[in-house]
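Read-outs throughout are calculated quantities, based only on the coordinates presented, and are distinct from any laboratory measurement. Only a predicted model underlies this, so the values are computations on that prediction, with no experimental measurement involved. Cβ placement follows ideal geometry from the backbone for every residue including glycine, while neighbour counts extend to all protein chains displayed.
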Amino acid sequence: MSKQMSEAETAVVTEGAQCLSDNVCFALYTAANALVRAYRPLLQECDLTYPQYLAMQALWLKDNASLTDLSQATRLDLGTLTPIVKRLEAKGLVVRHVDSRDERKKVIQVTQAGEALKQEALALKQQLLEKVSVSDIELEQLRQVCLTLTHELNQK
């Protein structure tokens with residue numbers, strides 16, 4: 001992401017927004033909401049909410065994760081994540097057990113049922129991509145800009 005703005009970009013920023021959609025924060029907010037709304041009916045087929053889907057994705061990438069590891073991977077705080085994991089456990093998708101290296105810690109492990117759900121749930125991304133006319137290159141650029149923005153705004 002370039003740190004220097006062109007004269008035209010500077011003019012837009014300094015003149016201020018004429019409507020809400022002129023604001024990057026509004027565009028990101030509405031796009032995120034639209035994405036979650038689009039996922040909702042697809043995830044209902046898997047009996048998952050969007051936050052549960054994020055947790056499962058993180059666990060499919062790194063099984064036997066501690067709650068802290070899962071929190072860092074999903075960017076969800078522990079207070080939000082704990083009930084999500086409990087619901088996933090109640091659905092039989094994960095189990096929590098004592099870490100063999102540290103008895104004070106619990107790790108979360110994907111069950112066979114959770115593993116069986118993996119291919120079905122991960123295929124949802126393709127279903128969503130079929131609804132939009134954004135190229136793979138544009139999606140990757142958007143992902144990179146969002147990650148950069150998140151990283152820079154989270155710097156202490």
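Summary table below
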| quantity | calculated |
| --- | --- |
| The listed residue being in a helix (DSSP H, G or I) and surrounded by 14 or more Cβ atoms within 10 Å (Cβ to Cβ), out of 117, 139, 147 | 117 |
| Residue count, segment 44-79 (criterion: over 19 Å from residue 115 (Cα atoms), among the hydroxyl-bearing types (Ser, Thr, Tyr) and surrounded by 12 or more Cβ atoms within 10 Å (Cβ to Cβ)) | 1 |
| Residues of segment 110-148 satisfying the condition of being within 23 Å of residue 70 (Cβ to Cβ), of a type in the set (A, V, I, L, M) and in contact (Cβ under 8 Å) with a residue 40 or more places away in the chain | 110, 117, 121, 122, 124 |
| Hits in segment 98-140 (condition: more than 22 Å from residue 86 (Cα to Cα) and in contact with a helix residue (DSSP H, G or I) (Cβ under 8 Å, 6 or more places away or on another chain)) | 124, 127, 128, 129, 131, 134, 139 |
| Pair list, Cβ < 6 Å and 6+ apart or interchain, from segment 80-98 residues that are touching a residue at least 60 places away in the same chain (Cβ under 8 Å) and aromatic (Phe, Trp, Tyr) to residues that are assigned to a loop (DSSP other than H, G, I, E, B) and surrounded by fewer than 20 Cβ atoms within 10 Å (Cβ to Cβ) | none |
| Scan of segment 61-114 for residues that are part of a helix (DSSP H, G or I), more than 19 Å from residue 45 (Cα to Cα) and among the small types (Gly, Ala, Ser), ordered by number | 71, 73, 79 |
